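For reference, the structure discussed in these notes is given below.
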Amino acid sequence: MVAAAPGLGIDKIGVAAADPFTVLKERLVKHREQGFESGFEEPDLDKRTDPSLLLPEPRTILSIAVAYPSKLKDAPVSEPGLRRGILSRSAWGEDYHHALRRRLDKLAAWLIERVPEARLMSMVDTGALSDRAVAERAGIGWSGKNCSIITHEFGSWIYLGEMLTDLPLPPDQPVEEGCGDCTRCIDACPTGALVGPGQLNAQRCISYVNQTKGYVEEELMLKIGNRLYGCDTCQIVCPINKGVDFRHHEELLPDPEVAKPLLRPLLQMGNREFKEKFGASAAAWRGRKPIQRNALIGLGNFRDSESVPDVARVLTEDPRPELRATAAWALGRIGGEAAEAALSEALAGEREQEPAVREAAERALRQIRKVSSGSRGEL
């Protein structure tokens with residue numbers, strides 16, 4: 001099976017026993033008690049840790065890993081008036097859910113051809129089991145302090161998937177932990193979401209925050225920078241990932257204009273255009289609202305004065321209050337007379353009825369005027 005893996009498009013395959021993940025369950029219970037869950041996970045902790053609840057009498061779990069690129073070739077330049085955002089590397093090429101399911105389907109066909117009576121159940125990311133826990137047990141790599149599975153061959157730039165089966169296959173040995181005393185990922189986390197080695201407070205993780213659909217606290221907006229989807233900081237700083245860039249899967253290669261898109265055009269993008277541009281990427285699963293909100297955050301953090309008309313149009317015309325409030329914040333960050341005028345216009349009379357938007361606009365206006373008065377005082 002290991003020899004067949006490359007022909008199936010699989011870079012690494014491991015075998016684990018299908019015993020319950022008892023230690024993981026203890027960690028998940030504590031994780032929930034601390035309020036560290038993202039809410040995207042399978043809510044039933046028993047299903048997340050007991051394979052027998054998913055497939056009757058399982059004997060084995062197969063774990064697969066597929067490497068993806070970490071470097072963007074011919075990356076477009078971000079410059080004033082043409083500022084760009086960035087998608088995390090896991091969303092650069094084709095949606096990995098589709099890419100890995102195809103490979104798991106091929107692996108299933110390979111197994112059924114040899115053992116027709118075998119029972120199989122495949123999962124990618126959205127399945128109940130923890131991809132990382134399975135991969136760790138199957139010897140794919142070790143669980144790093146950044147909560148990623150790290151391999152000696154591909155670093156942590158890998159997608160994971162697994163297959164439950166009743167086939168009694170000999171298990172592989174786990175890989176020895178290789179982080180040592182290094183804490184670069186913990187030290188570099190922009191929001192302190194890595195609260196300890198292998199411990200993540202998902203509520204503060206930028207990768208989680210910029211996939212939500214609601215309002216974002218100012219503290220976190222400042223940390224998001226120009227990230228439109230996900231966050232790679234804890235992987236970029238990992239010394240094991242240095243120089244690692246595998247590009248042998250064509251469908252996972254990035255389109256630079258998708259991976260690093262212009263921000264201003266995103267603001268007025270309709271559903272159809274959004275699907276045409278981002279529909280093949282994993283970044284599209286939450287729809288366009290989070291991407292557009294994050295584009296506003298990016299323009300605000302760039303203090304891109306040339307984008308004021310575009311941001312102001314969102315503030316006055318967009319039907320979604322979360323985007324209008326974010327636009328107000330962005331104008332406050334950008335500052336200047338044009339931004340001040342746009343905020344004043346939005347607040348005139350009873351034009352804006354949403355309290356959260358009015359509050360954001362008033363706060364932004366105060367910020368601009370404070371900066372302006374301070375500048376006059378220096379003259």
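Bear in mind these aren't lab numbers, they're just calculated from the coordinates by the rules spelled out. Since the model is a prediction, treat every value here as computed from it, not as a measurement. Neighbour counts run over all protein chains shown; Cβ positions are idealised from the backbone, glycine included.
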Worksheet entry | Value of D in µm² per second that Stokes-Einstein yields for region 206-372, Kirkwood Rh from Cα pairs, at 10 °C (1.306 mPa s) | 94 µm²/s
Item to complete: State, to one decimal in nm, how far the label point of V23 lies from the label point of A338, with both points 7 Å from Cα in the Cβ direction.
Response: 5.7 nm
Fill in: Reach of K106 by Cα under 25 Å, taken over lysines that are not fewer than 8 positions away in the same chain
K12
Worksheet, complete the sentence: In degrees rounded to 10, the 0-90 angle between helix 337-347 Cα long axis and the longest Cα principal axis of the chain is 90 degrees
Response to the item:
By the C-alpha gyration tensor axes a ≥ b ≥ c (rounded if a/c is under 1.5, else prolate when a/b exceeds b/c, else oblate), the shape of region 282-356 is oblate
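If you scale each eigenvalue of the Cα gyration tensor by 5 and take the root, what three semi-axes come out for the chain, rounded to whole angstrom and sorted largest first? Display every interim value, and only then the final one.
On the way: eigenvalues 382, 86, 75 Å².
Value: 44, 21, 19 Å, ordered largest first.
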Worksheet entry | Cross-link reach list, lysines versus K275, counting only Cα pairs under 17 Å and skipping chain neighbours closer than eight places | K260, K289
Fill in: Amide hydrogen neighbours beyond the local backbone of G161, cut-off 5 Å, H modeled
I64
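List the GluC sites (Glu not before Pro) in region 321-377 that DSSP assigns to loop (not H, G, I, E or B) and whose Cβ has at most 10 other Cβ atoms within 10 Å. Which are they?
Here the GluC sites (Glu not before Pro) that fit, given the DSSP loop and packing criteria, are E350.
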Fill in: Paramagnetic reach from A75 in region 150-165 [backbone N under 17 Å; point 7 Å along Cα→Cβ]
157
Worksheet item: Sorting Y215, Y208, Y68 on the 10 Å Cβ count, fewest up front, what's the list?
Response: Y215, Y208, Y68
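Using Cβ counts within 10 Å as a stand-in for footprinting exposure, how do V237, V29, V134 rank, fewest first? Walk me through the numbers on the way to the answer.
Details: V237 17, V29 12, V134 28.
Lowest to highest Cβ neighbour count: V29, V237, V134.
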Worksheet item: So which trypsin sites (Lys or Arg not before Pro) in region 59-146 are both in a DSSP loop and have at most 11 other Cβ atoms within 10 Å of their Cβ?
Response: K73
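How high is the FRET efficiency from S52 to E317, r the C-beta distance, R0 45 Å, rounded to 0.05?
Values: r = 54 Å, r/R0 = 1.20.
Approximately 0.25, to the nearest 0.05.
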Practice prompt. Please go through region 234-282 and write out the trypsin sites (Lys or Arg not before Pro) that DSSP classes as loop and that have at most 13 other C-beta atoms within 10 Å.
Written response: K242
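Over the chain, what relative contact order in percent results from Cα pairs under 8 Å that are six or more residues apart? Walk me through the numbers on the way to the answer.
Numbers: 688 pairs, mean separation 72.4, N = 379.
Reported as a whole number, the value is 19 percent.
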Fill in: 5 angstrom amide H check on W142, placed H, neighbours 5+ away
I150
Fill in: With Cα atoms, 0 to 90° folded angle of helix 355-378 axis to the chain main axis
60 degrees
Fill in: Euclidean distance between Cα centres, region 335-364 to region 57-109, Å
40 Å
Fill in: Cα-based reach from K370 at 28 Å (exclusive), listing lysines while leaving out same-chain residues under 8 positions away
K223
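Would you list L164, L72 from fewest to most Cβ contacts within 10 Å? Could the numbers behind the result be given before it?
Details: L164 23, L72 18.
Arranged by neighbour count, lowest to highest, L164, L72 become L72, L164.
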